């Protein structure tokens, strides 16, 4: 595992790793770039100031970082265990090999960016103290990236509540898949205007349930909701996909949004008989516009 602390202007700065057993003081002199290959002991504290700590070749992490800098998972499969916190700093996910928020883990930072062509897994599991929560002021899933929630391959009641993202503002320009809850003042699912690529909601692991708990959720231009149907006679999450908009939450559907119905292998043709109804969305009828 290799780490690089970067700064816009080359000048002397200090990065301190504080371990439960060992403390390391690593100092960068002018015109030098430090390379870190520590063994992470618990708990870990990183003092970044305004620097970015780039993480290469994967690994795992538990602890806190300080300052208004960012931790950027650049490449490799990376796992965050138990906790990651910073009052002023952010988490950048830039690896296509996957950054995983393990079961029972809480992330609490100012901003989270799931950058293009990368993947963030929020992998809560059933059982005591196994919920995974990501909290931030701003949470952005950028174009061509994926936020995947949940660790169970087959949906069971309650799975959507054990993997949670909480933020004042949540924007999805890429894909949100799996079973989980987005909670915030504003949730917007829309294409990235700079690329024109669609944003996609794809509940479950064929099928599943996603929960939207917000003052307002907007399905904007270039958004696609993919609904898979396996068996119309089974419950939501096991027979077919469902989006749940909590009571009192406003839902705004703008022009340019698309509903795509997908047939799963093994699906019964009777699912599509004339007159058949499937409740793929649960919402407050008095709070929908568009």
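Calculate the translational D of the range 107-186 in whole µm² s⁻¹ from Stokes-Einstein, where the hydrodynamic radius comes from the Kirkwood formula applied to all Cα pairs, the temperature is 37 °C and the viscosity 0.692 mPa s.
Details: Rh = 12.5 Å.
Approximately 262 µm²/s, per Stokes-Einstein.
Across q = 0.13, 0.14, 0.24, 0.26 Å⁻¹, the range 193-243 modelled as identical point scatterers on its alpha-carbon atoms has Debye log10 I(q)/I(0) values of -0.38, -0.43, -0.89, -0.95, in the order of the q list.
In the range 208-278, what percentage of the DSSP-assigned beta bridges are antiparallel, given to the nearest 5? Before the final figure, lay out the partial values.
Values: 1 of 16 bridges.
For the range 208-278, the DSSP antiparallel bridge percentage is about 5.
Once you have the Cα-Cα distance between residue 97 and residue 168, take 0.36 nm times their residue separation minus that, and quote the gain in nm to one decimal.
Net length gain for the segment: 22.8 nm.
Distance between the modelled labels on residue 57 and residue 215, one decimal in nanometres: 4.7 nm (7 Å Cα→Cβ projection). Along each principal axis, taking the top coordinate minus the bottom one, the Cα set of the range 159-236 gives 40, 25, 17 Å in descending order.
So if each residue of separation counts as 0.36 nm, and I subtract the Cα-Cα distance between residue 49 and residue 261, what length gain in nm does that give? Numbers along the way, then the final one.
Values: separation 212, 0.36 × 212 = 76.32 nm, distance 4.82 nm.
So the chain would gain 71.5 nm between residue 49 and residue 261.
Spin-label pair residue 197-residue 108: with each label point 7 Å from Cα along the Cα-Cβ axis, the two points sit 3.4 nm from one another.
So for 160, 177, fewest C-beta neighbours within 10 Å to most, what's the order? Kindly include the intermediate steps, with their values, before the conclusion.
On the way: 160 25, 177 22.
With the sparsest Cβ surroundings first, the list reads 177, 160.
Distance between the modelled labels on residue 88 and residue 247, one decimal in nanometres: 4.2 nm (7 Å Cα→Cβ projection).
Rounded to the nearest whole angstrom, the semi-axes of the ellipsoid equivalent to the range 52-192, taken from the Cα gyration tensor as √(5λ), stand at 20, 17, 15, largest first.
Of all beta bridges DSSP finds with both residues in the range 97-209, what is the antiparallel percent, to the nearest 5?
On the way: 1 of 38 bridges.
Taking every DSSP beta bridge with both residues in the range 97-209, the antiparallel ones total about 5 percent.
Translational diffusion of the range 121-267 was estimated from the Stokes-Einstein equation, with Rh taken as the Kirkwood radius over Cα pairs; at 20 °C and 1.002 mPa s the coefficient is 142 µm²/s.
Put in order of Cβ neighbour count within 10 Å, fewest first, the listed residues 94, 255 become 255, 94.
Once fully extended, how much extra length lies between residue 270 and residue 231, figured as 0.36 nm per residue of separation less the alpha-carbon to alpha-carbon distance? Provide the component values of the computation, followed by the final result.
Working: separation 39, 0.36 × 39 = 14.04 nm, distance 0.87 nm.
Residue separation times 0.36 nm, minus the Cα-Cα distance, leaves 13.2 nm.
The numbers here are math on the coordinates, done by the rules we state, and not lab data. Since the model is a prediction, treat every value here as computed from it, not as a measurement. Note that each Cβ is placed from the backbone with ideal geometry, even for glycine, and that neighbours are counted across all protein chains shown.
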